[in-house]
Amino acid sequence: MEIERKYLIDTPPADYQNFPCHEIEQAYLCISPVVRIRRSDNDYYLTYKSSGLLTREEANLPLTKEAYIHLLAKADGRILTKKRYLIPLENSGLTIELDVFSGNYTGLILAEVEFPSKEMALSFTPPHWFGRDVTFTGEYQNSRLSQG
């Protein structure tokens, strides 16, 4: 089960590039249900996600590089590229996943925070630098972004 909140970021913290980062490329084979392929640095995955905004089922399966390349050719829509910075959220045990997009979405920055429970997600107070909460609109779901 994935439980996460998502926020639009206008101005990230000045030091965000000092945190651990992953280069991510992802594409979608289907968006209903969501079937995604992803390269994160040198790791490859196929992911299934059920419908939902705040909570949804998620299953990840490892892929080989060759399988990823084969499936990438079959993807629908845009291939998304981004850098994901992992910023610890002080005194919470949570991590902010700050996605800085490139390619078709250069300039777009989103922050996601995953939670161990729905109650914790609903009571979350974001840091002052977070912008609009887009969790419940679905407008910034990566699967939707891939469709342009």
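A short reminder: the numbers here are calculations on the coordinates, not readings from a lab. Please read all numbers here as calculations on a predicted model, not as lab measurements. Using ideal geometry, Cβ is built from the backbone for each residue, glycine included, and neighbour counts are taken over all protein chains shown.
Key figures
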| quantity | calculated |
| --- | --- |
| Paramagnetic reach from Glu58 (point 7 Å along Cα→Cβ, amide N under 17 Å) across segment 73-90 | 80-89 |
| Table column - 3J(HN,Hα) (Hz), segment 124-134, Karplus curve with 6.51, -1.76, 1.60, x for Gly and Pro | 5, 10, x, x, 4, 7, 6, x, 4, 6, 10 |
| Per residue convex hull volume, Cα atoms of segment 17-95, in Å³ | 114 |
| At most 12 other Cβ within 10 Å, DSSP loop - trypsin sites (Lys or Arg not before Pro), segment 1-84 | Lys74 |
| Kirkwood-based shape ratio for the chain, expressed as Rg/Rh from alpha carbons | 0.95 |
| Stretchable slack from Leu89 to His22, in nm (0.36 nm times residue separation minus alpha-carbon distance) | 22.3 nm |
| Segment 61-138: translational diffusion in µm²/s, Stokes-Einstein, Kirkwood Rh over Cα pairs, 37 °C, 0.692 mPa s | 216 |
